[in-house]
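Structure first, commentary second.
The values are calculated or read from the model by the stated rules, or taken from the named source; none is laboratory data. Only a predicted model underlies this, so the values are computations on that prediction, with no experimental measurement involved. Cβ placement follows ideal geometry from the backbone for every residue including glycine, while neighbour counts extend to all protein chains displayed. For accessibility, only protein heavy atoms count, side chains too; no ligands or nucleic acids. Shrake-Rupley method; radii C 1.70, N 1.55, O 1.52, S 1.80 Å.
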Amino acid sequence: MNVTSSQLLNVGALSVHAGAARLLHDISFDVAAGEVLALLGANGAGKSTLMMALAGEFASANQHITFDGHPLTAWSRHAIAQRRAVNASEPPVPFTMNAGDYVALGRPFVAPDDRAIAHALTECHAREWRTRDYATLSMGEQLRVQLARSLYQLGGDDPRERCLWLLDEPCAHLDMAQRHFVLTLIARIAKARRWAVVFSTHDPLEAQLIADRALLLRHGEALSIAPIDIALTEANLSACYGRPITRRAGFVSE
Amino acid sequence: MTLHEQPLLRVALIAAALLAAAMVLSLVVGAYPLPFSKLLSGELNDAEWSVLTQLRAPRVLAACAGGAAFALAGAALQALFRNPLADPGLLGVPSAAGLGAAIALIVMGAGAALWLGALAGAALALAAMLFVVRRGAGPMAGGTVTLLLLGIAINAACAAGLALLTALASEGQLKTLSFWMLGSFAALDWPVVVAMLACTATGAVALLAHANALAALALGERAARTVGVDVQQLRFRVAVVTAAMVAIITAFCGGVGFVGLAAPHIARLTVGSSPRRTLPVAALIGAMLCVLADVVARSIAPPIELPVGAITAVLGVPLLVSLVTRKSQQP
């Protein structure tokens, strides 16, 4: 297999079908360690499906996805859980549980490491909610606790390098300030720990703020995969969303 | 709301002490009272000794095994289905056991036949469940929903079957059947009690071994997979263990309701929602509820025995309601 050392994630000719419907067709791309890839596309273009495929949800897709030199089929459930974290829209927690215990579920099979949990919560500015009932937090606050869960899952205060972090629309419920905080957190961790990050978003400005490269999806096919300035052209975005789009100065604060 | 969970060890010790007290109470109270002082000194005459060893002790232990089994099954299923309303009857096993018992009673008569019929009925429900879980549920979605729908279907079919059978049954058979279906810990021999204890202990060990994975299910099935849980395998194992445990217990002492729902809730209110903590505490509380219910069932109108299932509900409902409302009033 042709894998350069810096490439952490390789996707080769990935297709996903649900019955007769074609959800993803012939998608190929790489993500290097320390690189942030933004996933853009209209509703139904296949962003979440691609996220789920990268998260290993489709058994038939696993042989087309290579992480750190080995196809997903070769990774054990426990080994991959120590190197790959996923944040997607999640159902409400059915029972009363404090945020600290929620974060501890990032590593369910080992005794909770209180220091690592505190560290992960602090990194996401969520330390103060540690003993709060998770269900009473707002959507945005819950999201930050979910991010802390992923940081704890991949190491907490002793972070592993070269991990994969998948985020499906991490900013969907956030105000502008929170959005900025979460995006810069993601970018900072990707660079500092040499993690490969793939995140999907509906806002090209978010991609522009932190992504190194962008993958534009249309009807389950890759429209463009390129460095961010090359990918986010008026022509590409117009084709991606199916209506004319012009670029102006954005509202995202630096 | 800030949560104040009690330490597991303290709650477990208190629950164990209360259970022990309930067991002693259950040994001395009844149609033939055994004074506590005599029990302590061991100076019992032959009649008292035989009451203690042949009547009281087996039923106290049977109540412990039954209560603990229903509570464990309820706690595990609530975590598995991510739903605080789940109870051991959800998978249809107790009602299938009821139908099997009814058929055996009408065809072969009461006694061991009733147990065999109940076991056969529960085994059939279990087999149907295994078939569906193995064949039907894909990894994507619907696995748990499929299991739930199958349980509803089995419950409905068994209710219909029972309704048809009651038209055929005689008065005496109807009375035996309805009494068995509401549950009783009376008249169980030592071999049966030992079997129940062994079954509950095995189930407890098996479920506790999966407590961590069950805890992670609180995140949702997909997130649980990403932190390393084999959700499909977990679903299969927990369904099989709880169904088998409930099947065996139900066959011998009938469908003692409400313990499986109430005990896990009471446990969660004291030690929090992690199955690692809920499972053992719920087992102790379930055992205590059943022992107390059994005491009440045989001391309200001796020598008539009231159905234990009715008493567990009468005891458990106010306890649960008061705990739940007290908790929700906190700021």
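Annotations
- Degrees between helix A:114-123 axis and first principal axis of chain A (Cα, 0 to 90, nearest 10): 50
- 10 Å-binned pair-distance histogram of the range B:169-232 (Cα, whole percent): 17, 24, 21, 21, 15, 2
- Interface size, chains A and B: roughly 2600 Å² of accessible area buried, both sides included, 1.4 Å probe, rounded to the nearest 100.
- The alpha-carbon atoms of the range B:119-269 define a convex hull whose volume equals 131 cubic angstrom per residue.
- Computed Kirkwood radius, in angstrom, where 1/r is averaged over Cα pairs of the range A:91-231: 16.0
- Computed over the alpha-carbon pairs of the protein assembly as shown, the distance histogram in 10 Å steps reads 3, 16, 22, 20, 15, 11, 7, 3, 1, 0 percent, short to long.
- The range A:13-65, accessible area per residue, ligands and nucleic acids excluded (1.4 Å, Å²): 36
- Within the range A:1-72, the proportion of C-alpha pairs whose separation exceeds 16 Å stands at 47%.
- Enclosed volume per residue, in Å³, of the convex hull spanned by Cα atoms of the range A:172-245: 100
- One compactness figure for the range B:6-126 is 1.41, namely its Cα radius of gyration divided by 2.2 N^0.38 Å.
- Within the accessible area of the range B:173-291, the carbon and sulfur atoms contribute 70%, probe 1.4 Å, all protein chains present.
- Highest-MSF residue in chain B out of B:148, B:40, B:289 [GNM, Cα springs under 10 Å]: B:40
- Rh by Kirkwood over Cα pairs, then Stokes-Einstein D for the range B:285-324 at 1.567 mPa s and 4 °C, µm²/s: 125
- C-alpha long axis of helix A:176-193 to longest principal axis of chain A, angle in °: 90
- Shape category assigned to the range B:239-331 from the gyration tensor of Cα positions, a/c cut at 1.5: oblate
- Taking a span of 24 Å or more along the helix axis (Cα atoms) and a mean Kyte-Doolittle hydropathy of at least 0.0 as the rule, the DSSP H helices of chain B that qualify are B:8-28, B:57-80, B:112-135, B:143-168, B:190-209, B:231-253, B:275-299, B:308-329.
- Rg/Rh for the range A:67-157 (Cα atoms only, Rh after Kirkwood) is 1.00.
- Chain B: Rg to Rh, with Rh as the Kirkwood radius over Cα pairs: 0.99
- Taking only the C-alpha atoms of the range B:43-114, the Rg (one decimal) and the largest Cα-Cα distance, Dmax (whole number), read 17.8, 53 Å.
- Whole-angstrom gap from the range B:209-229 to the range B:174-205, using each part's C-alpha centre: 32
- For the range A:1-129, a/c is not less than 1.5, where a ≥ b ≥ c are the root eigenvalues of the C-alpha gyration tensor, and a/b tops b/c. That puts it in the prolate class.
- For chain A, a Gaussian network of Cα nodes joined below 10 Å ranks A:55, A:18, A:33 by mean-square fluctuation, and the top entry is A:18.
- Annotation note: chymotrypsin sites (Phe, Trp or Tyr not before Pro) in the range A:147-244 located in DSSP loop regions with a Cβ neighbour count of at most 10 within 10 Å are absent.
- Every Cα-Cα pair in the range A:174-216 was counted, and those over 12 Å apart are 59% of them.
- For the range A:104-157, the convex hull spanned by the alpha carbon atoms encloses 69 Å³ per residue.
- Per residue of peptide A:73-86, the mean number of Cβ atoms on other chains within 10 Å of the residue Cβ is 2.
- Rg over Rh [alpha-carbon atoms, Kirkwood Rh] for the range A:136-184: 0.99
- Debye-sum result for the range A:41-97 in log10 I(q)/I(0), which assumes one identical scatterer on each alpha carbon, at q = 0.13, 0.19, 0.22 Å⁻¹: -0.43, -0.78, -0.92
- For q = 0.14, 0.15, 0.18 Å⁻¹, Debye-computed log10 I/I(0) when each Cα of the range B:75-206 counts as one equal scatterer: -0.73, -0.82, -1.10
- Cα-only Debye scattering, chain A: base-10 log of I(q)/I(0) at q = 0.10, 0.12, 0.17 Å⁻¹: -0.48, -0.70, -1.36
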